[in-house]
DNA sequence: GAGAAATTAGTTATCGATATCAAATATCGC
DNA sequence: GCGATATTTGATATCGATAACTAATTTCTC
């Protein structure tokens with residue numbers, strides 16, 4: 001019990017352990033780790049060897065404590081979203097790496113009521129990440145402008161780009177999907193719109209329309225239906241489209257949930273998918289791969305976007321603290337067409353029946 | 001610019017600001033916040049008023065620095081899982097509250113290869129949370145037992161309960177679902193098994209069998225099909241079941257993804273759901289509400305379970321550091337039957353046609 | 001090659017919170 | 001009501017890392 005020779009409890013090695021082993025001061029070791037100031041090669045190598053030997057990993061808490069930890073708030077406008085996992089993975093991973101403190105606050109009331117935003121502001125955050133639709137909310141932006149808090153729009157950005165943002169090129173994504181459908185031979189293509197308040201929805205529709213026009217295909221008013229990004233609105237849009245004569249041969253929904261609604265109604269009408277109807281979505285949520293047939297959609301690098309957002313807002317906060325003027329940084333990431341089983345050539349009627357085969 | 005009366009830059013309030021405003025020492029304020037030691041009511045109220053007035057939020061970095069931050073590792077065995085969002089929300093929320101450092105490491109190779117586990121161990125974590133199937137992996141447990149690292153099994157626990165765990169009562173959940181189907185009037189109920197390596201899958205099957213037996217209903221061998229928790233395996237199990245004569249009137253899959261597969265095949269066979277076939281799942285993933293018809297399933301409080309897991313392993317680590325013997329804490333949380341549209345009475349053939357109505 | 005300028009390394013103080021120990025106050029037994 | 005014990009509060013040191021400053025060394029200029 002009270003053995004005097006008891007080995008001291010194992011603990012994670014500190015920068016001081018590294019410095020002692022390397023025979024330098026802890027400050028020098030710290031500089032090697034952070035790379036903030038050059039260190040002579042001979043010492044640098046000794047320190048690096050010690051780091052490897054001890055398996056040293058910096059204590060982010062201590063680092064953050066000294067360096068004046070930046071606090072970043074994130075408003076969760078849709079805590080049940082299926083892309084939340086990927087988003088949080090990227091955001092928290094980066095925050096751990098940078099040593100910034102992340103405060104995640106779910107919007108309990110309607111997102112546009114700004115309750116979560118107010119709670120975060122009162123908690124003393126230095127920067128805020130605004131997912132849709134808050135990045136487009138003039139009320140939210142006005143509220144933030146009055147404060148000293150920096151903001152960054154995630155996946156949305158108004159055309160004036162008045163705040164920093166991390167987005168994908170929604171226009172281009174929608175255009176590539178539309179072109180995919182046209183290349184398959186579709187001519188009668190319907191589109192389910194996203195929410196009126198979401199600027200990405202507008203850009204997706206613009207990408208659709210532009211590509212149709214470029215290919216000299218008509219966009220009839222009857223082939224456009226309103227939607228609000230919910231399963232139900234997709235379901236109802238499909239009911240409208242599929243009662244038309246002639247029917248559209250393809251339906252492109254502005255997100256996956258609505259595409260799921262379209263597919264559900266098509267099943268209900270006993271249509272053979274994808275031969276009698278092609279369906280396309282946008283977002284590549286986990287649902288896309290689980291639907292039957294699995295959904296052709298546009299993949300966004302959510303995790304990378306989230307880590308970029310955290311890194312960017314942290315950088316902006318740091319600059320603002322140093323009194324530097326804030327640049328309107330805007331990262332636009334690439335998105336990618338993912339072709340699965342829900343789209344096919346409209347004339348594929350007699351193609352090998354895939355109704356009971358799974359890709 | 002250099003106005004001498006310039007207000008000092010706004011910054012987050014500290015415990016010291018709180019203490020000054022309340023007219024007490026910072027230590028007293030700290031005790032009020034943490035609740036570690038009782039504080040006289042009069043002072044406590046003054047401190048709480050100051051906290052509210054200043055909107056004080058503890059700086060987790062500083063707290064962690066002083067308290068010897070506990071590092072908890074989490075192996076992500078399925079980074080694409082749709083319950084990941086809820087899981088991370090609970091886990092990170094609690095880690096922020098407790099000031100423990102969370103290292104989340106996705107398993108890049110097969111989970112049973114233990115690559116992520118090894119990386120976490122080398123990073124000097126003090127405790128590790130093991131989601132399925134690692135909580136059942138003897139190799140993983142053996143590796144950990146050799147080290148000084150504490151472990152906690154999430155959602156799995158072997159019968160000997162040789163390590164601490166946070167689980168739900170899978171047996172009870174499956175039993176309540178089975179009873180629900182029986183109460184609706186089903187007699188021919190088929191079951192899709194989960195992966196052989198997942199102990200929860202075994203317990204779910206046991207719950208199903210026990211309840212069938214209790215109600216004097218037969219469990220034919222042909223009404224049990226193997227599965228591995230994937231959409232595809234559910235799809236194939238359904239193909240097997242629905243070619244039988246007489247067909248089962250209900251299929252209970254050990255998770256939602258497999259239930260989605262069952263529903264997809266049933267649509268492909270033009271069965272009217274739920275009238276001609278009831279389908280039930282387990283987990284209540286976001287997919288469940290997006291399927292059509294929406295899925296009757298068992299809801300698990302993932303977010304609460306995750307925060308409980310973090311709190312518990314942090315506590316275990318703290319005890320181990322203090323040299324106390326580790327108790328085998330096992331939290332078993334309640335799960336809940338969620339009845340949606342995919343289950344109905346088997347004789348409901350002529351009920352009002354809900355095929356084109358959405359609930 | 002002397003002195004100035006630039007570079008690199010070390011010392012000390014500090015971030016915000018809490019562990020620890022000491023002091024002050026309240027409570028109790030008889 | 002006194003000393004003893006229990007409870008509550010405060011002062012100080014400290015967690016691990018780095019900012020800011022100082023000291024030492026190197027490099028450069030003419």
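Readers should treat all values here as calculations from the given coordinates under stated rules, not as data from a laboratory. Small disclaimer: the values here were computed from a predicted structure and weren't measured. Neighbour counts run over all protein chains shown; Cβ positions are idealised from the backbone, glycine included.
Helix A:84-98 axis versus longest C-alpha principal axis of chain A: approximately 20°, rounded to the nearest ten. In terms of its alpha-carbon gyration tensor, the protein assembly as shown comes out oblate; a/c meets the 1.5 threshold, while b/c is at least as large as a/b. As a calculated quantity, the FRET efficiency between residue A:148 and residue B:122 at R0 = 41 Å, using C-beta atoms, amounts to about 0.50.
Determine, from the Cβ-Cβ distance of residue B:16 and residue B:45 and an R0 of 25 Å, the FRET efficiency 1/(1 + (r/R0)^6), rounded to the nearest 0.05.
Rounded to the nearest 0.05, the efficiency is 0.85.
Dividing the mean sequence gap of close Cα pairs (under 8 Å, 6+ apart) by how many residues chain B holds gives a relative contact order of 16 percent. Taking the label point 7 Å along Cα→Cβ, residue B:213 and its counterparts in the other copies are spaced 7.0 nm apart, in ascending order. Contact order for region A:58-154, expressed relative to its length and based on alpha carbon pairs under 8 Å spaced 6+ residues apart, stands at 31 percent.
For chain A, a Gaussian network of Cα nodes joined below 10 Å ranks A:47, A:166, A:317 by mean-square fluctuation, and the top entry is A:47. Ranked from largest, the principal axis spans of the Cα set of region B:113-258 equal 57, 29, 20 Å. Shielding of peptide A:64-75 by partners, expressed as the average count of other chain Cβ atoms within 10 Å per residue Cβ, is 3.
The mean count of C-beta atoms from other chains within 10 Å of the C-beta of residues in A:79-86, rounded to a whole number, is 6. Taking the longest Cα principal axis of chain A as reference, the axis of helix A:41-54 is set at about 70 degrees.
Classify region A:189-288: rounded, prolate or oblate, from the alpha-carbon gyration tensor (a ≥ b ≥ c, eigenvalue square roots; a/c under 1.5 rounded; otherwise prolate if a/b is larger than b/c)? It comes out oblate by the Cα gyration axes.
Beta bridges from DSSP with both residues in the protein assembly as shown: antiparallel share about 10 percent, rounded to the nearest 5. Find how many whole Å separate the alpha carbon centroid of region B:264-317 from the alpha carbon centroid of region A:93-168. Here the answer is 31 Å between Cα centres.
For chain A, set up a Gaussian network in which alpha carbons nearer than 10 Å are linked by springs, and say which option among A:177, A:258, A:27 fluctuates the most. Judging by the Gaussian network model, the answer is A:27. Within the listed set A:181, A:54, A:84, the residue fluctuating most in the Gaussian network model of chain A (springs between alpha-carbon atoms under 10 angstrom) is A:54.
Taken along its three principal axes, the alpha carbon spread of chain A comes to 86, 50, 45 Å, from the longest extent down to the shortest. Helix A:302-321: angle to the longest alpha-carbon principal axis of chain A, degrees 0 to 90, nearest 10? Once rounded, one gets 50 degrees. In chain A, helices alone account for a calculated mean residue ellipticity at 222 nm of -13000 deg cm²/dmol, with every DSSP H run of four or more residues adding -39,500 (n - 2.57).
Taking label positions 7 Å along the Cα-Cβ direction at both residue B:245 and residue B:25, the computed distance is 8.7 nm, reported to one decimal. Sorted shortest first, the separations between the residue A:16 label point and its copies elsewhere in the assembly read 2.1 nm; each point sits 7 Å from Cα along the Cα-to-Cβ line.
Highest average first, the peptides B:332-342, B:209-219, A:306-316 ordered by how many other beta carbon atoms sit within 10 Å of their residues are A:306-316, B:332-342, B:209-219. Peptide B:91-99 has a mean of 2 when you count, residue by residue, the C-beta atoms of other protein chains within 10 Å of its C-beta. The relative contact order of region B:152-205 comes to 37 percent, based on Cα pairs under 8 Å that sit 6 or more residues apart. Distances, shortest first, from the label point of residue B:79 to those at the same position in the other copies read 2.6 nm; the point lies 7 Å along Cα to C-beta.
Estimate the FRET efficiency between residue B:332 and residue A:179 by the formula 1/(1 + (r/R0)^6), using the beta-carbon distance for r and 51 Å for R0, to the nearest 0.05. Calculated transfer efficiency: 0.45.
Roughly what % of DSSP beta bridges within region B:202-352 run antiparallel, to the nearest 5?
Numbers: 3 of 8 bridges.
Antiparallel: roughly 40 percent of the beta bridges in region B:202-352.
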